[in-house]
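The values are calculated or read from the model by the stated rules, or taken from the named source; none is laboratory data. Please read these numbers as outputs of a predicted model, since none were measured by experiment. Because the Cβ atoms are built from the backbone with ideal geometry, glycine has one as well, and the counts that use them run over all protein chains shown. Just so you know, the surface numbers come from the protein's heavy atoms only, side chains and all, with ligands and any DNA or RNA stripped out. Shrake-Rupley method; radii C 1.70, N 1.55, O 1.52, S 1.80 Å.
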Amino acid sequence: MDHFQYIDGDLHAEAVPLADIARTVGTPTYVYSTATLTRHYRVLSGAIEAQASLAGRSLVAFAVKANSNLSVLATLGRLGAGADTVSEGEIRRALAAGIPADRIIFSGVGKTDAELAFALRTGVRQVNIESAPELDRLERIATATGIRPDISIRVNPGVGAGGHAKITTGGGGDKFGVPVDEALSLYARAATNRQVRPVGLACHIGSQILDLAPLRDAFGVLADMTRRLRADGHTVGVLDLGGGLGVPYEPGLTPPDPATYAAMVGEAMAGLDVDTVFEPGRLLVANAGVLLARVIHVNERPDGRRFLVLDAAMNDLMRPALYDAFHPLVPVRDEGRTEERYDVVGPVCETGDTFARDRLLPLLAAGDLVAFKGAGAYGAAMASEYNSRPLVPEVLVDGDRFAVVRPRPDYAALLARETVAPWLDPDQTSKTR
């Protein structure tokens, strides 16, 4: 469910007409719904809390990589969410949004020494260790700083899943985590020293998962490892179950609902008496956002092909070019128009700047506003300034009010971030002659 609905023929974000946002902010622009963010968080957290088998505490730590806008993070943080982070920048964003350090998880396969030291000084809840070399480095940093962090060992359970090969993270050939036997050894080793404090295990097997079976298998691996480690005398108090639950981008997709997912987790964790961490990303934010765009023109070819050229491009919404991803595209003004087939493209100078091929859409013309739905996850967070296009702005709606929460930079600001080498700057060259 989302809160983007037609009212008297005009598409609204909650009570705000998208056409009003386009007039004020311009296009392209991302628009997020506070009501949808709130509903999605509460549905998931409520389903988890309802599971009696999850006897310990649970933390829903939003995957910041999905949408790192400060206002989105602050909205979720005020609801009680933590943050799953994969860089120092994401930790800083979570803190700036008001999420306390004791609700921040630090994951990632390539944490630098500087990032690890920052995480320790910040006092994050736990660091998820992904390799033996990383554990070596963290132990040295912990000794140097005098800070003993809580850690979990990220397991690669040999169970990969996801909507695309590039977002599958738990298979044997993927770069994330360590195999089961190595994870058990690393846990036992960490338990014998005073530099770190092992508290649990973690896994994340992929993104846009539509079938619970691989998640059930992966959680079974973690449960078995927990029993083995406890039999050897180790304390295992936390299981970080990652995220990855899919959303219905396309018609006909029926991903598991949060209640069914939580029930499966409860069964997998039954009898373990552990705290649990969940790291949802797109589940919370995908349907909470749209990308608002305008038709530049329609280019009709002699062979009958129609190119619907938008002012949004692959640098604004990368998912179709990167993953062949589907996003519904709807007109902002619904007038019951006849339908035509279009290739939907942007202005970037690459054939890959294509959002859809042969898409059946209402008849559209230059100047019409359209909205890509399901764009709240991995949209603005992956945007760039390719082709020297200003970074796409972001807007947050709350009821009948809206605010620009990341403005569109002007061209002067875009150029001001760079400097010309002294020997190429005419003003500097003249001063040295």
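General remarks:
- Candidate set: the stretch 171-197, residues that are open to solvent by less than 20 Å² (accessible area, probe 1.4 Å) and closer than 21 Å to L229 by Cα; chosen: the one modelled with the lowest pLDDT: G177
- Only one entry of V392, V420, V397, V345 meets the criterion of being without any contact (Cβ under 8 Å) to a residue 40 or more places away in the chain, in contact with a Ser or Thr (Cβ under 7 Å, 6 or more places away or on another chain) and among the aliphatic types (A, V, I, L, M), and that entry is V345.
- Tallying residues that are aliphatic (A, V, I, L, M), at pLDDT below 95 and loosely packed, with under 10 Cβ neighbours inside 10 Å within the stretch 393-433 yields 2.
- For the stretch 124-152, the set of residues classified as of a type in the set (S, T, Y) and touching a strand residue (DSSP E or B) at 6+ places or on another chain (Cβ under 8 Å) consists of S131, S152, listed by residue number.
Yes/no per residue for (1) touching a strand residue (DSSP E or B) at 6+ places or on another chain (Cβ under 6 Å); (2) not in a loop (DSSP other than H, G, I, E, B):
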{"site": "L222", "(1), (2)": "yes, yes"}
{"site": "R227", "(1), (2)": "no, yes"}
{"site": "R230", "(1), (2)": "no, yes"}
{"site": "H234", "(1), (2)": "no, no"}
{"site": "A259", "(1), (2)": "no, yes"}
{"site": "A263", "(1), (2)": "no, yes"}
{"site": "G271", "(1), (2)": "no, no"}
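- The helices (runs of 4 or more DSSP H) found wholly in the stretch 23-111 include none carrying at least 3 residues that are of a type in the set (F, W, Y) and open to solvent by less than 10 Å² (accessible area, probe 1.4 Å).
- Top-ranked residue of the stretch 310-326 - restricted to ones that are assigned to a loop (DSSP other than H, G, I, E, B) and within 17 Å of the chain's Cα centre (by Cα), ranked as surrounded by the fewest Cβ atoms within 10 Å (Cβ to Cβ): F326
- Counting only residues that are within 18 Å of S207 (Cβ to Cβ) and surrounded by fewer than 14 Cβ atoms within 10 Å (Cβ to Cβ), the stretch 241-279 holds 4 of them.
- Residue ID - nearest to E385 (Cα to Cα), chosen from residues in the stretch 327-349 that are among the acidic types (D, E) and in a loop (DSSP other than H, G, I, E, B): D334
- For the stretch 350-377, filtering for residues that are within 29 Å of T36 (Cα to Cα) and assigned to a strand (DSSP E or B) leaves 11.
- Qualifying residue in the stretch 389-397 (condition: of a type in the set (K, R) and more than 22 Å from the chain's Cα centre (by Cα)): yes
- The residues in the stretch 1-16 that are closer than 30 Å to E385 by Cα, assigned to a strand (DSSP E or B) and touching a residue at least 24 places away in the same chain (Cβ under 8 Å) can be counted, and the count is 4.
- Residue ID - nearest to T75 (Cα to Cα), chosen from residues in the stretch 283-295 that are open to solvent by 10 Å² or more (accessible area, probe 1.4 Å) and not aliphatic (A, V, I, L, M): N287
- Selection status of V344, crowded, with 17+ Cβ neighbours inside 10 Å, in contact with a helix residue (DSSP H, G or I) (Cβ under 6 Å, 6 or more places away or on another chain), modelled with pLDDT of 95 or more and on the phi < 0 side of the Ramachandran plot: no
- Here is the figure for the stretch 347-382: residues that are open to solvent by 40 Å² or more (accessible area, probe 1.4 Å) and within 19 Å of the chain's Cα centre (by Cα) total 3.
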